[in-house]
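Asks: One structure coming up, written as structure tokens, with questions to follow.
What follows draws every value from the coordinates through simple rules; no lab data is involved. The shown structure was predicted, so the numbers you read here are calculated from the model rather than taken from an experiment. Here the Cβ is made from the backbone with ideal geometry for all residues, glycine too, and neighbour counts use every protein chain on show.
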């Protein structure tokens, strides 16, 4: 495990230098996206209004308030990534996204595209929205504001994290590793339950 402080935008070489279980913090810009704006783009045929080359996408639907022409943060937490898995390959292939930040990971197809293009998935600590909000310094831009709270948000962040590299550009997945470790212990767990169990009551 290594620790890195990364600044956006990311290069392919930077992403390929990371490995699962590494810990990173991020300073720079992160784009917040969620289901609705991805559906608006990929299912309804609307070109994204901003380029994402080299930047990470944070899976979020933030709580913000609009004050005149500015958007001020209230609470910015992170949502589950798996239901947005089908949008991850085209975000990498078409729009140059280099990383995703969220909870629960993505599926095998997205992992294969990460390996091909040089991208990673960073797992954030669940339930840490209060801390995450303090690490987001400003909401600089909101694209497709009519979709709020599922518009596209350009956040300026400082020391966002700690984040765990859970899927890397080498085809490795921390989720697969943990799953394999759990499954390897199951036979012994079943044997222990069988030997400790009391006779059933008829």
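Asks: For each of 34, 16, 191, count neighbouring Cβ atoms within 10 Å of the residue's Cβ, then give the residues from fewest to most.
Replies: 191, 16, 34
Asks: State the antiparallel share, in %, of DSSP beta bridges confined to the range 95-181, rounding to the nearest 5.
Replies: 70
Asks: Mind checking the angle between helix 108-117 and the chain's longest principal axis? C-alpha axes, 0 to 90 degrees, to the nearest 10.
Replies: Tilt relative to the chain: about 50 degrees.
Asks: So for 178, 97, 23, fewest C-beta neighbours within 10 Å to most, what's the order?
Replies: Going from sparsest to densest Cβ surroundings: 178, 23, 97.
Asks: Using a 10 Å cut-off around each Cβ, can you sort 39, 124 from fewest to most neighbouring Cβ atoms?
Replies: 39, 124
Asks: Ok, one more. Averaged over all directions, how much area does the convex hull of the C-alpha atoms of the range 3-196 cover when projected, in nm²?
Replies: Averaged projected hull area, Cα only: 12.4 nm².
Asks: In the range 3-196, what percentage of the DSSP-assigned beta bridges are antiparallel, given to the nearest 5?
Replies: Of the beta bridges lying entirely in the range 3-196, close to 60 percent run antiparallel.
Asks: Measure out, as a whole number of angstrom, how far apart the alpha-carbon centroids of the range 3-65 and the range 77-111 sit.
Replies: 9
Asks: Using the alpha-carbon atoms, what tilt in degrees (0 to 90, nearest 10) does helix 174-196 show relative to the longest principal axis of the chain?
Replies: Once rounded, one gets 30 degrees.
Asks: Turning to a different aspect of this structure: Would you work out if the range 10-101 is rounded, prolate or oblate? Take a ≥ b ≥ c from the square roots of the eigenvalues of the alpha-carbon gyration tensor; rounded if a/c is under 1.5, else prolate when a/b is larger than b/c, oblate otherwise.
Replies: Oblate, because a/c is 1.5 or more while a/b does not exceed b/c.
Asks: I've got another one for you. Would you please give the FRET efficiency between residue 66 and residue 94, computed as 1/(1 + (r/R0)^6) with r the Cβ-Cβ distance and R0 = 45 Å, to the nearest 0.05?
Replies: Given R0 = 45 Å and the Cβ-Cβ separation, E is 0.90.
Asks: Okay, next question. Determine the calculated [θ] at 222 nm for the chain from helices alone, applying -39500 (n - 2.57) to every DSSP H run no shorter than 4 residues and normalising by the residue count; nearest 500 deg cm²/dmol.
Replies: The per-residue figure over the chain is -7500 deg cm²/dmol.
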